[in-house]
Amino acid sequence: MPDIFWFRKDLRTVDNKGFAEFINKISDSSKFALIYIKNKDSFKYFGEKRISFLIECLDELRSELGSLGLTLNILEGKSSEVFEKIIKEHKEVSVYCNEQVEPYCLGRDERVKKLITDSGGSFYKFTDTTIFNLGEIKNGEAKQYKVYTPFKNQCLARLTHGHYRKISVDLNLLQKENQIKIKAKTYDTGKNYAKLTISEFLKGGRKEALKLLKDFYEIGIINYTEKRNFPSVKGTSLLSAHIHFGTVSIRECLRTAYVKLGKASKGKEDIQKWINELFWREFYYNITFHNPKILYQSFNREYDNLKWNYDEDNFENWCKGKTGYPIVDAGMRQLNQEGWMHNRVRMITAMFLTKDLFIDWRYGEKYFADNLIDLDLSSNNGGWQWSASTGVDAQPYFRIFNPYLQSKKFDKNGAYIKKYVPELKNVPEEFIHEPNLMSVMEQKMYEVIIGKDYPQPVVEHSKAREEVIKNFKEAIRKN
């Protein structure tokens, strides 16, 4: 019975739980294959920069395995159809892979598992993308946590070194002569990569992931609390896309943080802050696991009664970064150009869409999903529902960011704004956050005519705030 390892969001050979189990199981005489299945139809969202990042990861992994005489079969098609072909050719097979939390992935895995087991084979899944097993962390009533802080505290209380120890993998145990051929259609990474828009900001592959992790370990992590909220500086790890695609494991990140914590003479609170942020991801994964319907409905169901004010022009202006609010526009343009956006600005832009424009969070969630390289369904959904006040959140609906105050606080001199909104490059700090306040003479002086070179604000924040609070109250009243 041939053994197959199915790479998914774990594109590395090192510290890979499922891959280690696969290697330790097979004997010297075992026939095996290493596969990745690329099905464009399985991508609910099509971000070209994200797919180009994925291809970079796959090519590096294939090259690493190839140097040892091992073949990574990158196959094209629906997973169930690919396995049907494999079963037809090789009869019984044992498939190893790491668990994925997304509801559509769980459904896909159940279909594949049935195909495999009905034919006499075996299907094994392992926990690799989270520290704890999904659903393992529960409150005193054996129910899910709906608030982050007690969830995080429970995780930290139960955390041991064993949860993030390095999982050893010996690739030499794979005898290259025992590989089986897979005749399913292959996915041409080179041909497809050439057709895609790539990001000049984020590069795929484990080598890049390790470089970012090393830089953050040496410099960034001990200044994390101070710098993480300022989009004009490199204050975060920039590892989100690599964690998502698995070029670096969540255990490696946590292990690196604890090693630093043990050695650091200063910055211990900063290190702990980053550890806490890693558990936000764990929290949202568990929320998705327990509540798969949040993909299309509010976690807080009473807000499904909200009568969102969808305005096509306003949504288009938000997408293009032409709202007349510089910090919002800078964020959206960064997203469009680089396939990434600073987390503080993600919150600002998301809250602007849902609160100032009062447009349904699902539109914004999808736009982020279409364009983010580091798209993580659970974190993206969690972040959007947090901003819209429809999700798991201890704070009520009247938490509404003032985009001007956010801008002044986190981009005081406008460095971030000027990088992505060049129309405002000559505008001084006095007006950079609200350029519409400039006089006609000042606009001419700084070479930007508001309403021509840069738009007037599409809404008035104070009025929008009053309206959104009224709409939330109405939804609650009708519930």
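Tabulated results
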{"read-out": "Residue selected from the range 369-385 under the condition assigned to a helix (DSSP H, G or I), among the hydrophobic types (A, V, I, L, M, F, W, C) and crowded, with 22+ Cβ neighbours inside 10 Å, by the criterion farthest from the chain's Cα centre (by Cα)", "value": "TRP384"}
{"read-out": "The range 294-303: number of residues that are free of Cβ contacts under 8 Å to residues at least 60 places away in the same chain and either within 8 Å of THR390 (Cα to Cα) or open to solvent by 50 Å² or more (accessible area, probe 1.4 Å) (or both)", "value": "1"}
{"read-out": "Condition met for LYS263 (free of Cβ contacts under 8 Å to residues at least 24 places away in the same chain and open to solvent by 20 Å² or more (accessible area, probe 1.4 Å))", "value": "yes"}
{"read-out": "The range 35-70, residues that are at pLDDT 95 or above, open to solvent by 60 Å² or more (accessible area, probe 1.4 Å) and closer than 19 Å to GLY246 by Cα", "value": "ARG62, SER63, GLU64"}
{"read-out": "Odd one out for THR225, checked against (1) outside any helix (DSSP H, G or I); (2) within 22 Å of the chain's Cα centre (by Cα)", "value": "(1)"}
{"read-out": "Residue tally, condition in contact (Cβ under 8 Å) with a residue 24 or more places away in the chain and among the β-branched types (Val, Ile, Thr), over the range 213-236", "value": "4"}
{"read-out": "Filter result (open to solvent by 10 Å² or more (accessible area, probe 1.4 Å) and farther than 30 Å from VAL147 by Cα) within the range 386-419", "value": "LYS412, ASN413, ALA415, LYS418, LYS419"}
{"read-out": "Within the range 429-445, tally of residues that are part of a helix (DSSP H, G or I) and either modelled with pLDDT under 95 or among the aliphatic types (A, V, I, L, M) (or both)", "value": "5"}
{"read-out": "Matching residues in the range 307-363 - criterion: being over 27 Å from THR225 (Cα atoms) and among the acidic types (Asp, Glu)", "value": "ASP311, GLU312, ASP313, GLU316, ASP356, ASP360"}
{"read-out": "Leading residue by the ranking (farthest from ILE131 (Cα to Cα)) among those in the range 158-190 that are loosely packed, with under 11 Cβ neighbours inside 10 Å and hydroxyl-bearing (Ser, Thr, Tyr)", "value": "SER168"}
{"read-out": "Residue among VAL448, VAL468 that alone is β-branched (Val, Ile, Thr), in a helix (DSSP H, G or I) and in contact with a helix residue (DSSP H, G or I) (Cβ under 6 Å, 6 or more places away or on another chain)", "value": "VAL468"}
{"read-out": "Test result for GLU200, under 30 Å from GLY47 (Cβ atoms), of a type in the set (Asp, Glu) and within 20 Å of the chain's Cα centre (by Cα)", "value": "yes"}
{"read-out": "Residue in the range 311-324 that is at pLDDT below 95, of a type in the set (S, T, N, Q) and either in a helix (DSSP H, G or I) or open to solvent by less than 20 Å² (accessible area, probe 1.4 Å) (or both) present", "value": "no"}
{"read-out": "Extreme residue, nearest to ARG62 (Cα to Cα), among residues of the range 236-281 that are at pLDDT 95 or above and not in a helix (DSSP H, G or I)", "value": "THR247"}
{"read-out": "Cβ-Cβ under 6 Å pairs, at least 6 apart or on other chains, the range 329-357 side over 25 Å from LEU239 (Cβ atoms) and at pLDDT 95 or above, far side open to solvent by 10 Å² or more (accessible area, probe 1.4 Å) and among the β-branched types (Val, Ile, Thr)", "value": "LYS355/ILE400; ASP356/VAL459"}
{"read-out": "The range 138-180, residues that are aliphatic (A, V, I, L, M) and in a helix (DSSP H, G or I)", "value": "LEU156, ALA157, LEU171, LEU173"}
{"read-out": "Residue in the range 2-13 that is open to solvent by 10 Å² or more (accessible area, probe 1.4 Å), within 25 Å of GLU252 (Cβ to Cβ) and either basic (Lys, Arg) or in contact (Cβ under 8 Å) with a residue 40 or more places away in the chain (or both) present", "value": "yes"}
{"read-out": "Where ASN39 falls short, out of the listed (1) under 25 Å from LYS195 (Cβ atoms); (2) touching a Pro at 6+ places or on another chain (Cβ under 7 Å)", "value": "(2)"}
{"read-out": "Extreme residue, surrounded by the fewest Cβ atoms within 10 Å (Cβ to Cβ), among residues of the range 191-212 that are touching a residue at least 24 places away in the same chain (Cβ under 8 Å) and not in a loop (DSSP other than H, G, I, E, B)", "value": "LYS207"}
{"read-out": "Residue ID - surrounded by the most Cβ atoms within 10 Å (Cβ to Cβ), chosen from residues in the range 77-118 that are touching a Phe, Trp or Tyr at 6+ places or on another chain (Cβ under 9 Å) and of a type in the set (Ser, Thr, Tyr)", "value": "TYR96"}
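The values are calculated or read from the model by the stated rules, or taken from the named source; none is laboratory data. Note that this is a predicted model, so its numbers are computed, not measured. Every residue, glycine as well, gets a Cβ built from its backbone with ideal geometry; the counts of neighbours run over all protein chains shown. These area figures cover heavy atoms from the full protein model, side chains too; ligands, DNA and RNA do not enter into them. Shrake-Rupley method; radii C 1.70, N 1.55, O 1.52, S 1.80 Å.
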